[in-house]
Amino acid sequence: MSTLIKNGQLLTNEGKFIKRDILIEAGKIVEISEGITKKAKEVIDASDLLIAPGFIDLHVHLREPGGEKKETIATGTMSAAKGGFTTVAAMPNTRPVPDSKEQLEKINKRIEETAAVRVLPYASITIREIGEELTDFAALKEAGAFAFTDDGVGVQSAAMMLAAMKKAAEINMAIVAHCEENTLINKGSVHEGEFSKKHGLNGIPSVCESVHIARDVLLSEAANCHYHVCHISTKESVRVVRDAKKAGIKVTAEVTPHHLLLCERDIPGLDTNYKMNPPLRGAADKEALIEGLLDGTIDFIATDHAPHTAEEKAAGMKLAPFGIVGLETAFPLLYTHCVEKGVFTLKQLIDFLTIKPAETFGLSTGKIAVGAEADIVLLDLNHTEKIDPEQFLSKGRNTPFGGWDCKGWPVLTMVNGEIAWKKSSVTV
Ligand SMILES: NC(=O)N[C@@H](CC(=O)O)C(=O)O
Ligand SMILES: [Zn+2]
Ligand SMILES: [Zn+2]
């Protein structure tokens, strides 16, 4: 099977557009040059489209097994493909939890049978994610675990976290942490700040997150383990990670599009599409996250795609589950509201979604180069369209970004040389 992408725009390291053709054979990029004349089975006209490496999202909730009303591996990965993502890492807060070789193997089988893009499955740190007993890391690594995390809850015991980090370090695997100190959650549903006060809601204070990160960077120093912070959200957390990096500790961090784009002041009222964990913080936190991303304290962007049903989200601010979907809106939102507004460059945005996560976790994908896997997205940077949750391929409709005008919509997504999704108007 061979594919020729004709007349696309490639972005150079200097951020310039250059017109190129790309020839793909047997899933790999074999030639990148101007005016390739070789015949190919499939020809894709990429005139006026940006050719970027397929995006990598190392934090998504696909919900299968156990949460199929919210999402499945099939719908979640179709949603990923439509959003331009060619690799996603699936969080283990499913029912059952992938906390044994057997459970992980079942998930791998479902991925093989139904996934539209590459899926890297996380295994849990503790059995059933209840923080009482470590899983068998070596067996889970052998069964294909990408890394270990109890995302959805924080690991409460420092002793448990230290033991996990020591074990992970022994087998050269990362601990990926949802940072939340249960004794500080305060039964909150939003950030403890202006919005919680105004609406008389319990708030989750910033220190609920930052205290865990501070504890964990010291534990990871002691264990010499790669420690990765999920969905970092506060200015204090950014400072702790910055200082830890300066001290030479192997810590990395991700930030979500919604924490870069919104703060508590943007919550219009008691709308559960603005309820997620960690919550939207203060304006100064949002600024610190942008600064942290720009100075390298924060390594990359991940969506924390967290679909829930409309019924669940209708339960009101106090009772509705935390989480919003993100795969189909991440790039258009960040392109329109960060790149076009000069917060960061297009090159930086693409790096935050491709080579940065790849390098952080040693993946071979995330770049366009001869010999590399043909994981590619074609993007239309000119056409403006409103975000319409009813058009999502995800089962989730829970987004605060419905109705936002965006440019930068994916047009075609290719995984390993095969088209995973394309806009219906594109002919091949
Ligand atoms: N982020 C969320 O608000 N929710 C996530 C859990 C998590 O990422 O901690 C979920 O699984 O719904
Ligand atoms: Zn989490
Ligand atoms: Zn999550």
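The values are calculated or read from the model by the stated rules, or taken from the named source; none is laboratory data. Remember, predicted model here, so these are calculated numbers, not experimental data. Neighbour counts are summed over all protein chains in view; Cβ atoms, including those assigned to glycine, are modelled from backbone coordinates with ideal geometry.
For the range 140-169, a residue qualifies if it is part of a loop (DSSP other than H, G, I, E, B) and more than 16 Å from ligand 3 (Cβ to nearest atom), and the qualifying residues are Ala143, Gly144, Ala145, Gln156, Ser157.
Tallying residues that are within 15 Å of ligand 1 (Cβ to nearest atom) and either on the phi > 0 side of the Ramachandran plot or outside any helix (DSSP H, G or I) (or both) within the range 257-316 yields 20. Looking across the range 8-40, just one residue is closer than 23 Å to Gln348 by Cα, polar (S, T, N, Q) and assigned to a strand (DSSP E or B), and that is Gln9.
Got at least one residue in the range 321-332 being closer than 17 Å to His59 by Cα, without any contact (Cβ under 8 Å) to a residue 24 or more places away in the chain and not aliphatic (A, V, I, L, M)? Talk me through it step by step, then tell me what you get.
Kept after step one, since they are closer than 17 Å to His59 by Cα, are these residues of the range 321-332: 322-331.
After this cut, where a residue has to be without any contact (Cβ under 8 Å) to a residue 24 or more places away in the chain as well, the list is none.
No.
Those residues that are assigned to a loop (DSSP other than H, G, I, E, B), within 16 Å of ligand 3 (Cβ to nearest atom) and within 21 Å of Ser206 (Cβ to Cβ), I need them from the range 170-184; list them, please. Spell out how you get there, then give the answer.
Filtering the range 170-184 down to residues assigned to a loop (DSSP other than H, G, I, E, B) leaves 171-174, 178-181.
Then keep just the ones that are within 16 Å of ligand 3 (Cβ to nearest atom); that gives 174, 178-180.
Residues satisfying the conditions are His178, Cys179, Glu180.
Against the list (1) surrounded by 19 or more Cβ atoms within 10 Å (Cβ to Cβ); (2) in contact (Cβ under 8 Å) with a residue 40 or more places away in the chain; (3) at positive phi; (4) not basic (Lys, Arg), the condition Glu129 fails is (2). For Thr272, the criteria (1) within 19 Å of the chain's Cα centre (by Cα); (2) surrounded by 17 or more Cβ atoms within 10 Å (Cβ to Cβ) hold in every case but one, which is (1).
Quick one: is Arg118 within 16 Å of the chain's Cα centre (by Cα), over 18 Å from Ile324 (Cα atoms) and at pLDDT 95 or above? Judged against the criteria, Arg118 is a match. Taking (1) more than 16 Å from ligand 1 (Cβ to nearest atom); (2) surrounded by 20 or more Cβ atoms within 10 Å (Cβ to Cβ) in turn, Phe344 satisfies each apart from (2). Condition first: within 25 Å of Thr3 (Cα to Cα), within 16 Å of ligand 1 (Cβ to nearest atom) and in contact with a Phe, Trp or Tyr (Cβ under 9 Å, 6 or more places away or on another chain). Can you find one or more residues in the range 95-114 that meet it? No: zero hits. Just so you know, in the range 275-323 the residues that are buried (at least 19 other Cβ atoms within 10 Å of the Cβ) and among the hydroxyl-bearing types (Ser, Thr, Tyr) include one that is farthest from ligand 2 (Cβ to nearest atom), and it is Thr297.
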